[in-house]
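First comes the structure, then the notes that go with it.
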Amino acid sequence: MKMKKKKKRNPNDMTLLEHIEELRIRLLWVVGGIIVGVAAAMSYSERIINIAINPLQKALPKGSEIIFTGVTEAFWVRLEAALVAGIILSIPFTFYQIWLFVRPGLEEKEKKFAIPFVFFFSLFFISGVVFAYKIVLPIGFSFLLRYGGKELSAMPSIKQYMSLFLRMLVAFGLVFELPIISFVMSRMGIINAKDLIKKSDYALLVIFIVAAILTPPDVFTQFLMAGPLILLYIISIVVAYLFSTKK
């Protein structure tokens, strides 16, 4: 008796609930990857903190120091430091899970881009993290701490700093993905360069709103994020022009 081959189901025939379930599974894998990264980084948390506070320490005037004010604050700061490292360590795995989610809707010839997809998404995210750490944070702290004057001594809390540090690194990592997102959407025929140019005024408004939300409440730091975002949007227009399939 011959066994009938089970016909492979077309991903486009999946119901909304099935798509949501698939998304839930991928998110669980992403969270699991971050937890593994955090666990691996926990034993190095003190060294990670020393690296994290380096931009602030260089900007602090003489006589100032970083402090913690609560009994449990130092412990939670170590967890936050491990979280920063865990997110960065798990980035390739996270983007691989994103790839697994979108892959069923792609054609066979497009599925060969799995490794470049994961590589470039990871590369651009890490580039954003490095840009924030090496350029934005040192310049921002040097500018802001200058206003303390001689009468005031800066005593920043390590907990507040680590929260800001994590937010800035993740924010810049995500916004640096803009050209890659533009490439994917242009290849899918969703956008093209003409669309992005027409919507540039709205894009500028959104860029400054995003910069205001993700950065501390001062204009200087907001411009430090808005500037690269505008440049990335221009690069995205060029990417869409070169790779768009939308007529």
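What follows is calculated from the coordinates using simple rules that are stated; it is not laboratory data. Remember, predicted model here, so these are calculated numbers, not experimental data. Heads up, the Cβs are rebuilt from the backbone with ideal geometry, glycines too, and the neighbour counts pull from every protein chain shown.
With 0.36 nm allotted per residue and the present C-alpha distance subtracted, the Thr69-Thr15 stretch has 14.3 nm of extension available. Beyond a 24 Å Cα-Cα separation, which of these cross-linked pairs lie in this structure: Lys134/Lys199; Lys134/Lys159; Lys112/Lys199; Lys62/Lys159? Flagged as over cut-off: Lys134/Lys199; Lys112/Lys199. Efficiency by 1/(1 + (r/R0)^6): what FRET value for Tyr202 and Val238, r their Cβ-Cβ distance, R0 = 25 Å, to the nearest 0.05? That gives a FRET efficiency of 0.85. The equivalent ellipsoid that matches the C-alpha gyration tensor of the range 177-247 spans semi-axes of 26, 11, 9 angstrom, in descending order. Treating each Cα of the chain as an identical point scatterer and ignoring solvent, apply the Debye formula and state log10 I(q)/I(0) at q = 0.12, 0.13, 0.16 Å⁻¹. Values, matching the q order: -0.84, -0.96, -1.26. The label-point distance for Leu174 and Tyr44, in a model that sets each label 7 Å from Cα toward Cβ, rounds to 2.5 nm. Volume of the convex hull of the range 129-247 (Cα atoms only), normalised per residue: 97 Å³.
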